[in-house]
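Heads up, the thing below is written out as structure tokens.
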Amino acid sequence: MRQSRLFTKARREAPSDEVAKNAQLLVRAGYIHKEMAGVYSFLPLGLRTLNKIIGIIREEMNAIGGEEVLLTTLQDPEAWKKSGRWDDSVVDVWFKTHLKNGSELGLGNTHEEALTALMTEHISSYKDLPRYVYQFQNKFRNETRAKSGIMRAREFIMKDLYSFSTNLESHNEFYEKVAAAYENIFKRVGIGEKTYRTFASGGSFSKYSHEYQTICGAGEDTIYIDDSKRLALNKEVYDDAEVYATTGIDKANLKEAKAIEVGNIFTLSTRFSEALGLSYKDAEGKATPVFMGSYGIGPGRLMGTIVELMADENGLVWPESVAPFSVHLMSLGKSGDEAFQMADALYADFVKAGVEVLYDDRDISAGQKFTESDLLGIPRRIIVGRDAVATGQFEVVTRATGEVAKKTRTELLS
Ligand code: ATP
Ligand code: MG
């Protein structure tokens, strides 16, 4: 893509109304736009990164047998009344609205109810199980605190996966597959080393759930890490004696840290299947409630976490796997001169080779190009100036390390 065609403009100054580093940098770099507190739009560069993250999650969900759907945002209160979660005193993040005839609707904050109700039309026998259904869908939550930028938005995309199994044993088998897929995802987006499987309270469904918590000073959660076991405990279970028996963790080995919950996995048991009438007939013809689990990841929160962990004083730094472009090509000099012509040709070569390249073809100063390039955070910068014209060698700068190399056109394209 030619940068002269990109409608977004990078800004020098951080927006005064943002405290979170992720939102400050992403707004400055033109990746996102703040509509209002906790509500963000994704612009071309931001959408490319978000879609890369979504693509990685989708691959991992498909690999464990997930089937993708897209459910509606508008929610029928009836299903939620059956599960007891329609009431604002039970779920305090509801956004609700009305039809013209006065009847109430909700904007979905999660989809256990809707999907469980839907599955009653498709699951009736043990032969229909197990099933794994997931989506990338906009959730609406009236969050009280919205100070963490895109890590805590009032409207955000969630990957939510739901599993439908015959019994606990079959459920547990899949639960561990999801855990492994989550570990792949966090590794692939570059936060694997800092992310811990964390025991948290399970709500009303099971004794514990698992969160995936990424160590980061900007995190809202407090966890206790056992590094030798690569496990952690959420503060909410720290004083529970049983968790030490379950995990084999020694309280004396724990280190406290701030962390971001990037994902979680839950055993729901038959909480929703019983409430919404989702059962199957076993081999003897006996009706049994379906055993369920739910598994969430916030791609936007993941994107914010990557920014919080990797950005430096000059701007964003993306790992290759989620960068909006792999190469930031720039021509120095004046439009029409030899360096520009050479950069044009290299751009065409990259496009032909299928390399994702952002080409700064604008007639602005080299200094401004470098500053903006640092801010945008694309992994490799290739500079075409007088030097390249004279020697046929291009300077390649790695954004993360500042490392500089010289490469020929053939080397760049191989
Ligand atoms: P938190 O305790 O941080 O509010 P949660 O327990 O409400 O999270 P879930 O309802 O299980 O989280 O949502 C699943 C995933 O969706 C979370 O692990 C997180 O990655 C993401 N998520 C949750 N709330 C938000 C939000 N307000 N903005 C962006 N992502 C979110
Ligand atoms: Mg929440």
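The values are calculated or read from the model by the stated rules, or taken from the named source; none is laboratory data. Since the structure is predicted, the reported quantities are computational estimates derived from the model, not experimental observations. Backbone-built Cβ (ideal geometry, glycine too); neighbour counts: all protein chains shown. Side chains included, ligands, DNA and RNA excluded: accessible areas come from the protein's heavy atoms. Shrake-Rupley method; radii C 1.70, N 1.55, O 1.52, S 1.80 Å.
Quick rundown of the values:
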quantity: Helix-only CD estimate at 222 nm, as mean residue ellipticity for the chain, using -39500 (n - 2.57) per DSSP H run (n ≥ 4); calculated: -9000 deg cm²/dmol
quantity: Violating pairs (Cα-Cα greater than 23 angstrom) within the set K21/K229; K147/K258; K81/K286; K81/K177; K187/K207; calculated: K21/K229; K81/K286; K81/K177; K187/K207
quantity: Exposure rank, largest accessible area first [M342, M1; 1.4 Å]; calculated: M1, M342
quantity: ³J(HN,Hα), Karplus 6.51/-1.76/1.60, whole Hz, each residue of region 119-132, x for Gly, Pro; calculated: 5, 4, 7, 10, 10, 9, 10, 4, 6, 8, 10, x, 9, 10
quantity: For region 113-185 and region 211-239, distance of Cα centres in Å; calculated: 22
quantity: Burial order of peptide ranges 257-268, 279-290, 89-100 (average beta-carbon count within 10 Å, highest first); calculated: 257-268, 279-290, 89-100
quantity: Spatial extent of region 327-413: Rg and Dmax, with the Cα atoms as the point set, Å; calculated: 11.7, 32
quantity: Positive dipole terminus of the chain, leading residue within A114, V389, W86 (C-beta point charges); calculated: V389
quantity: Of every Cα-Cα pair in region 59-117, the percent that sits beyond 18 Å; calculated: 41
quantity: Carbon and sulfur %, accessible surface of region 89-210 computed with the full protein complex present, 1.4 Å; calculated: 49
quantity: 5 angstrom amide H check on L43, placed H, neighbours 5+ away; calculated: I32, H33
quantity: Rule-of-thumb Rg ratio for region 261-376 [Cα; 2.2 N^0.38 Å; N residues]; calculated: 1.92
quantity: Reachable aspartates and glutamates, given that their alpha-carbon falls under 18 Å from the alpha-carbon of K352 and they are not under 8 places away in the same chain; calculated: D344, D360, D361, E411
quantity: Between 0 and 90°, nearest 10: helix 168-188 axis offset from the chain longest Cα axis; calculated: 10
quantity: Amide proton proximity set for S209, modelled H, under 5 Å, gap of 5+; calculated: A200, S201, G202
quantity: Rounded if a/c under 1.5, otherwise prolate or oblate - region 1-92, Cα gyration tensor axes; calculated: oblate
quantity: Amide hydrogen neighbours beyond the local backbone of S335, cut-off 5 Å, H modeled; calculated: none
quantity: Whole-angstrom Cα spans of region 294-344 along principal axes, big to small; calculated: 57, 26, 14
quantity: Accessible surface, region 3-310, averaged per residue in Å² (probe 1.4 Å); calculated: 46
quantity: Region 327-413 - charge dipole about Cα centre, Lys and Arg +1 at Cβ, Asp and Glu -1, debye rounded to 20; calculated: 160
quantity: Angle in degrees between helix 366-376 and the longest Cα principal axis of the chain, rounded to the nearest 10; calculated: 10
quantity: 3J(HN,Hα) from dihedral phi, region 315-332, Karplus parametrisation 6.51/-1.76/1.60, rounded to Hz, x for glycine, proline; calculated: x, 5, 9, 9, x, 3, 4, 10, 5, x, 9, 8, 10, 10, 8, 9, 9, 9
quantity: Global geometry of region 3-310, whether rounded, prolate or oblate, following the gyration tensor of its Cα atoms and the 1.5 cut on a/c; calculated: oblate
quantity: Rg/Rh for region 169-286, where both radii come from Cα atoms and Rh is the Kirkwood radius; calculated: 1.05
quantity: Antiparallel DSSP beta bridges within region 28-159, percent to nearest 5; calculated: 90
quantity: Dimensionless Rg/Rh of region 21-156 - Kirkwood Rh, Rg from C-alpha atoms; calculated: 1.02
